[in-house]
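The values are calculated or read from the model by the stated rules, or taken from the named source; none is laboratory data. These numbers come from a predicted model, not from an experiment. Please note: Cβ atoms are built from the backbone with ideal geometry, for glycine as well, and neighbour counts cover all protein chains shown.
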Amino acid sequence: MDLEIPDDIDLSQCPGLVEITSKTPNWKRDMIEKRNQERIEEYVKNILKEREKEAKWKNVPEWKRKILMQKEQEETTSPPDTAKKSVKKAPVPLPGEDEFVPPKPKGDIVPAALSIDPEELAAMPPWKRELLFKRDKVPVTFSNEFNPDEEEEEGEGNQEESAAS
């Protein structure tokens, strides 16, 4: 056994021990001995933890002990909360301060959102924008005639006409 059992611990008080008789078969005896050993180790560990706690609080006044124990309990129950707080999430933009910056297309695939008018796209709720950026083509249900390439061509045509005049 890995754990040393102090002499002052009474193993007869250990719960769940099964008595081994002479009539017990060897295969069952091995199994019971192993199970009893595990239960004894658990029992001894619990007693040693209790003694350690008692030694820790031995010289602490009662009023301070209560405060420190409350803090200890809060620390043991709060790690899931602090773990959630430590995970940094993207800040949720408020409706009034919605500053939308469309992401640039990656590779040859152009997201559907880039073929929609930027003003209309900025007016959409964030969840809808996100869906459009995941799509490759604009859905048929959207009635958009906005084509960024056409606007650029029209702008260049107007500049050429004004230069010719």
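Of all residues in the range 10-19, which are surrounded by 10 or more Cβ atoms within 10 Å (Cβ to Cβ), at pLDDT 85 or above and either more than 40 Å from the chain's Cα centre (by Cα) or not small (Gly, Ala, Ser) (or both)?
Residues satisfying the conditions are Cys14, Leu17, Val18.
Can you name every residue in the range 40-54 that is at pLDDT below 90 and of a type in the set (A, V, I, L, M, F, W, C)?
Once the filter is applied, which keeps residues that are at pLDDT below 90 and of a type in the set (A, V, I, L, M, F, W, C), the range 40-54 yields nothing.
Taking only pairs six or more apart or across chains, which ones have beta-carbon atoms under 6 Å, a first residue in the range 43-65 that is more than 14 Å from Cys14 (Cα to Cα) and exposed (fewer than 10 other Cβ atoms within 10 Å of the Cβ), and a second residue that is at pLDDT 90 or above and of a type in the set (A, V, I, L, M, F, W, C)?
Matching pairs, first to second residue: none at all.
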